[in-house]
Protein chains: 2
Amino acid sequence: MSPSARRTGRPRSAEADRAILGATRAALVELGWAKLTLGDVAARAGVAKTTLYRRWASKCELVVDAVAAVFDEHLEAGDHGSLHADVEAAVIRLGALLERPETGTALMAVLAEAMHDESLRCRVRSAIVDRQKRLVTIGRERARLRGELPREEDPEASARNADLVFDAVAGTVLHRLMVSAEPVDPRWARDFTDLLLYGMTGADSGGAAAAGPAPDGAQKPAGSV
Amino acid sequence: MSPSARRTGRPRSAEADRAILGATRAALVELGWAKLTLGDVAARAGVAKTTLYRRWASKCELVVDAVAAVFDEHLEAGDHGSLHADVEAAVIRLGALLERPETGTALMAVLAEAMHDESLRCRVRSAIVDRQKRLVTIGRERARLRGELPREEDPEASARNADLVFDAVAGTVLHRLMVSAEPVDPRWARDFTDLLLYGMTGADSGGAAAAGPAPDGAQKPAGSV
DNA sequence: GAGTTACGCTACGGCTCGTAGCGTAAGGGT
DNA sequence: ACCCTTACGCTACGAGCCGTAGCGTAACTC
């Protein structure tokens, strides 16, 4: 089982892997989850159907890997100077990622199927979720060093809060795109970031100005740079 | 097509409808979306497969209706006395709804499929989303009357904010349950409500501390009843 | 070269799909 | 009561995809 156990024999074609995953994404966009057939994927990828079955046991696992590859390409947690800017950038990045027709569709379908398959759920978690969640932890740590967030003594409470923020960011963006079916444009990203940082009571309707929103987008409170 | 056009002939059995929708939910829990077959649903419901096809053109539409029926049973926007209590109650209610294995699974799968089917997306929207969204509008209106939220002159901005809050509430709860796979328990509901109302800077770790802006809603610590 | 593993190809039983055809049940119109 | 209309249950069917097995060949290690 160890990696060295596979030193002998003909190695698996790495190009076949890439072709299959790419074909999976392409087929997903054209056909959708329900009509996606593994035979079709194999044909698009130019490999035999049996080759595909030798590597992935089910449609779900194949799609998870296909999507995870896209997520991995867009993993970054750059420092944008402030908590507000970091959150806003993460929202934009995640939105752009999920706006790809292949990504959102596949993710939703896989998550639905993972409800009945514990191993699949673990696969999703390790391949996608945990990696994204790390970005939240990093961003919060940076904000704490900047003094934008209070120090937290209790590590367990800190983890709870990180999970909460992650669910809030990822879930809201996902819902915006998948359910409400509206784009994650810059204005929405800013509004949402304001909501996340300052809450409904402080961020609504342009914040301080109850008389009307300030279109010039004057930075709301003192928090930003 | 008018309702009066169907006055003649044998009427459709309302009981068959209920049996089919119930059987769909049951099968969904046991088998999941992928393995759910219409033939199986028909058998469980005690109706002929052809009867099922006469009413629903596809698996998606059937499941949408099956889930929408559950959502309809739990639509309420009771006044809990404060914006905080209203939001918290909505989170709990939505969480309980989506915690049912049939509901969450089905919703995710249907949403995934709706990416490729505009008519299906409309069906989901009118059957589920819009009705839930109305609750947000009602709650915000009540909060405005209480003075918990500022008045909003611009109806377009108000609608934008309502959509944002809806995406935040529904999306975060959905993500918590489907992706993070953790329960919506009372503590989480309270933490999330705090986040929504007072923001990351004000709600974290129970302190209005540090550098964050002081939320004008000073009732936060005493908020939990 | 011998051994090992992956690949492409073909073929197959099994299952589900969605539809068609038929006879029957349950209402409305006169 | 009688027809008309529509829905129902049942059976059967072609079509498509699934997932596997078997075979010969290709690629790489020792």
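The values are calculated or read from the model by the stated rules, or taken from the named source; none is laboratory data. The model shown is predicted, which means the values in this text are computed figures rather than measured ones. Positions of Cβ are generated from backbone atoms using ideal geometry, with glycine treated the same way; all protein chains shown enter the neighbour counts.
Any chance region A:38-50 includes a residue that's over 30 Å from A:Arg146 (Cα atoms) and hydroxyl-bearing (Ser, Thr, Tyr)?
yes
I'd like to know if region A:46-62 contains one or more residues that are touching a His at 6+ places or on another chain (Cβ under 8 Å) and either farther than 27 Å from B:Ser58 by Cβ or surrounded by 12 or more Cβ atoms within 10 Å (Cβ to Cβ) (or both).
no
Among the listed residues A:Arg151, A:Arg144, A:Arg134, identify the single one that is modelled with pLDDT under 90 and either of a type in the set (Phe, Trp, Tyr) or out of contact with any Pro (no Cβ under 7 Å at 6 or more places or on another chain) (or both).
It is A:Arg151.
Residues to consider are B:Ala157, B:Ala162, B:Ala170, B:Ala189; find the one that is facing chain A (nearest Cβ under 7 Å) and under 17 Å from the mean Cα position of the chain (by Cα).
B:Ala170
Counting only residues that are free of Cβ contacts under 8 Å to residues at least 12 places away in the same chain and within 14 Å of chain B (Cβ to nearest Cβ), which one in region A:2-33 is farthest from DNA strand D (Cβ to nearest atom)?
A:Glu30
Looking at region B:34-44, which of the residues that are more than 14 Å from every other protein chain (Cβ to nearest Cβ) and within 13 Å of DNA strand D (Cβ to nearest atom) is nearest to B:Val67 (Cα to Cα)?
Filtering region B:34-44 for residues that are more than 14 Å from every other protein chain (Cβ to nearest Cβ) and within 13 Å of DNA strand D (Cβ to nearest atom), the one nearest to B:Val67 (Cα to Cα) comes out as B:Val41.
With respect to the numbered conditions (1) part of a helix (DSSP H, G or I); (2) more than 7 Å from every other protein chain (Cβ to nearest Cβ); (3) at pLDDT below 95, which one is the sole condition not fulfilled by A:Tyr198?
The failed condition is (2).
Condition first: over 15 Å from A:His74 (Cβ atoms) and either of a type in the set (Gly, Ala, Ser) or surrounded by fewer than 18 Cβ atoms within 10 Å (Cβ to Cβ) (or both). Now tell me which residues in region A:100-137 satisfy that.
Selection gives A:Pro101, A:Ala109, A:Ala112, A:Ala114, A:Asp117, A:Glu118, A:Ser119, A:Cys122, A:Arg125, A:Ser126, A:Asp130, A:Thr137.
Can you find, within region A:174-198, the residue that is nearest to B:Ala170 (Cα to Cα) among those that are among the β-branched types (Val, Ile, Thr) and buried (at least 23 other Cβ atoms within 10 Å of the Cβ)?
A:Val179
Please indicate, with yes or no, whether at least one residue in region B:52-67 is near DNA strand C (Cβ under 10 Å from one of its atoms), away from chain A (no Cβ under 14 Å) and out of contact with any helix residue (DSSP H, G or I) (no Cβ under 9 Å at 6 or more places or on another chain).
Yes, because at least one residue in region B:52-67 is near DNA strand C (Cβ under 10 Å from one of its atoms), away from chain A (no Cβ under 14 Å) and out of contact with any helix residue (DSSP H, G or I) (no Cβ under 9 Å at 6 or more places or on another chain).
Restricting attention to region A:107-144, which residues are more than 8 Å from chain B (Cβ to nearest Cβ) and touching a Phe, Trp or Tyr at 6+ places or on another chain (Cβ under 8 Å)?
A:Ala127, A:Ile128, A:Arg131, A:Gln132, A:Lys133, A:Val136
Every residue in region B:104-119 that is without any contact (Cβ under 8 Å) to a residue 40 or more places away in the chain and not in a loop (DSSP other than H, G, I, E, B), please.
Scanning region B:104-119 gives B:Leu111, B:Ala112, B:Glu118, B:Ser119.
Kindly check whether there is at least one residue in region A:70-84 that is crowded, with 17+ Cβ neighbours inside 10 Å, closer than 27 Å to B:Leu36 by Cβ, touching a residue at least 12 places away in the same chain (Cβ under 8 Å) and more than 12 Å from DNA strand D (Cβ to nearest atom).
The answer is no, given that none of the residues of region A:70-84 is crowded, with 17+ Cβ neighbours inside 10 Å, closer than 27 Å to B:Leu36 by Cβ, touching a residue at least 12 places away in the same chain (Cβ under 8 Å) and more than 12 Å from DNA strand D (Cβ to nearest atom).
Quick check: is even one residue across region A:155-166 crowded, with 21+ Cβ neighbours inside 10 Å and in contact with a Phe, Trp or Tyr (Cβ under 8 Å, 6 or more places away or on another chain)?
Yes, region A:155-166 contains at least one residue that is crowded, with 21+ Cβ neighbours inside 10 Å and in contact with a Phe, Trp or Tyr (Cβ under 8 Å, 6 or more places away or on another chain).
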